[in-house]
Amino acid sequence: MNATPASSSSPSVQQKYLTFTLSAESYGIPVLKVREIIQLLEITPVPQSPSYMRGIINLRGKVLPVVDLHRKFGLHPSEFTEQTCIVIVQIEGSAPGTLKQMGILVDNIEEVLGIQASQVEEPPDFGHAISSENLLGVAKVQDSIKILLDIDKVLAG
Amino acid sequence: MTLLKNASLTTKLSVGFMFYSLVPMGILGGIFFSVAEDVKQLQQITLWTMGILAVSLLVFSVYLGRKLSAPLRSCIESMQAVGQGVASGASQVALVSNTLANGVNQQATSLQETSASLEEIASMIKINARSAHGAKDLTGQTRAAAEAGAQDMENMNQAMDAIKSSSDNVAKIIKTIDEIAFQTNLLALNAAVEAARAGEAGMGFAVVADEVRNLAQRSAQAAKETADKIEEAIERSTNGVRICVKVGDSLRGIVDKARQVDELVAEISNASQEQSQGIEQIQTAVEHMDQVTQMNAASLQDCSSAAKELNAQTDTLHGSVLALASLLEGRENGSHTGSSGHSDYSHTPMPSGSHRNGSHDHSGSNGNGMNGHRSRSKTPEAMAMEEAIPMDGDFVDFSN
């Protein structure tokens, strides 16, 4: 259970992803990366931090940084709504073998979705604001497309 | 005849006179001739004296008659003229009073028509006044109803506002339900995440989490639909409030108009009342005019009868004048036979309307045939007179 993409396993095996939306686009992250989904808390801005770093939250006594994926991806910044949530993810720390928790701001949580490996395709090289190296692939679910994010790489930069 | 009578009378008088004057003379003669005188001589003397006296008397009377006849005739002629003038004046008065009577009759008829029209107008005005009064009552009721409607509209506005606030409260509750559903959804998602982390062991739990999530989503959906409904209800109640405000404005307009109509109808009612009073005054005036006209008619009757009376008097005068004239004429006829050219006034038009007082008895003794002349000679003037003054039933015709 490291950075290996799910597509490497057998096609019949389904991976579970947590899907959410950002600016009407649908994204997915592997569910094992997710620690918790919480409602929007008060975010305290941190001075001299990157613009995508919205600030820090106090989650039951633990101080966690919160990243605004809108800003990270250069999308239109959207206002907070009642649907806005913070997904607490567990990613690899800066030192190898360590784990750290971070919050990511999403517009709306969709669901926990099982996606077959056969539904996943390689990310295209062009046409998107996100560089393809941050992607695990593109999943075709019914008529829509869900972009599967490699959240470790997204948050590493 | 009169003349003969007069002559015999004169003779008798002369004889008496002679007798009483000559007896003393005879006595004296007897004294002078001392009975020797013959009675025949005395008789001759007496006859002579008588003859002389008779002749002198005759001459004297003729002289006197001639002397008096001229002024008498002129007097009779002027009386005749005056009588004619008075008669024509009286007939004119009769004519005028007849015309006046016609006018007064027409006036009376017109006044009666006017009075009838006035009564009709008065009744119409009374009906008008009654209708105006009824209209006033009705407009008053309309106004009251419109005002009550406006008041009800206010109440309805308040009710609509209450509905709106209730809807708002329901919307708040729905929002709370929605939040709870959202949190339940999050909890279910978290449970699903945990189940996924548990791997094979968490499979059942994942199913439960999925069901819980489904429920939460259904709750959220129901809450959303309810919210939509509530939103719609709020929208409709807002619309209702808006319409209520408009209806209230319209009702206020109706109230204003009803007030104006009320005032106008009140004015009409007052005007009708005044008209009614005016018509009553006019009716009184017309009644007064009617009375005056009747008095005029009565006066005209008096005038007419006065004219008749005047005519009768004129007739009497004429009779008297005729008698006098015939007297004079008879004398002249006696002295100057064939000079009867002065009978022209017997042909003068005499009003025959007033012969009934029988004032012509004295003319019958002369027997001049004047009556026939007078009664037959109905000149146009007399005819007009008869037309003007209708003869009474007791009129005595003198034509025979």
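The numbers here are math on the coordinates, done by the rules we state, and not lab data. Everything quoted here is computed from the prediction, not taken from an experiment. With ideal geometry, Cβ positions are generated from the backbone for all residues, glycine too; neighbour counts draw on all protein chains shown.
Enumerate the amide H contacts of A:Leu136 below 5 Å, restricted to partners 5 or more residues apart or on another chain; note that Pro and chain-start residues carry no placed amide H.
Residues meeting the amide H criterion: A:Leu148, A:Leu149, A:Asp150.
Averaging the inverse of every distinct alpha carbon separation and then flipping it gives the Kirkwood radius. What is it for segment A:6-156, in angstrom units?
16.0 Å
Residues of B:187-196, mean number of Cβ from any other protein chain within 10 Å of their own Cβ, rounded to a whole number?
Taking all residues of B:187-196 together, the mean is 6.
Would you mind checking A:Lys72/A:Lys146; A:Lys33/B:Lys175; B:Lys164/B:Lys257 for any pair whose Cα atoms are more than 23 angstrom apart?
Cα-Cα > 23 Å for A:Lys33/B:Lys175; B:Lys164/B:Lys257; rest within.
What lysines does B:Lys308 reach when the alpha-carbon gap must be under 22 Å and sequence neighbours fewer than 8 apart in one chain are set aside?
Within the straight-line cut-off, B:Lys308 pairs with B:Lys378.
Distance in nm between label sites at B:Ala162 and B:Thr99, each 7 Å beyond Cα in the beta-carbon direction?
Reported label-point gap for B:Ala162 and B:Thr99 is 9.3 nm.
When the convex hull of the C-alpha atoms of segment B:55-179 is computed, what volume per residue in Å³ does it have?
So the per-residue Cα hull volume is 138 Å³.
Taking the Cβ of each residue in A:Ile29, A:Ile104, B:Ile125 as the centre, tally the other Cβ atoms inside 10 Å and list the residues starting with the fewest.
B:Ile125, A:Ile29, A:Ile104
May I ask for the longest run of chain A untouched by chymotrypsin sites (Phe, Trp or Tyr not before Pro) that are loop-located per DSSP and have at most 13 neighbouring C-beta atoms (other than their own) within 10 Å?
In short, A:1-79.
State to the nearest 20 debye the size of the charge dipole of chain A about its Cα centre, where the only charges are +1 on K and R beta carbons and -1 on D and E beta carbons.
Computed about the Cα centre, the dipole is about 520 debye.
If you build the convex hull over the alpha carbons only and average its shadow over all orientations, what do you get for segment B:125-279? Give it in nm² to one decimal.
10.9 nm²
Which net charge results for the neighbourhood of A:Val154, defined as the other residues with beta-carbon distances under 11 angstrom from its beta-carbon, given Lys and Arg at +1 and Asp and Glu at -1?
0
Let me confirm one metric for peptide A:26-32, namely the mean number of other chain beta-carbon atoms within 10 Å of its residues' beta-carbons.
Rounded to a whole number, the mean comes out at 2.
Within 11 Å, Cβ to Cβ, of A:Thr84, how many net charges do the neighbouring residues add up to if Lys/Arg are +1 and Asp/Glu are -1?
-4
So which trypsin sites (Lys or Arg not before Pro) in segment A:40-135 pass both tests, a DSSP loop state and at most 12 other Cβ atoms within 10 Å of the Cβ?
Passing both the DSSP loop test and the Cβ count: A:Arg60.
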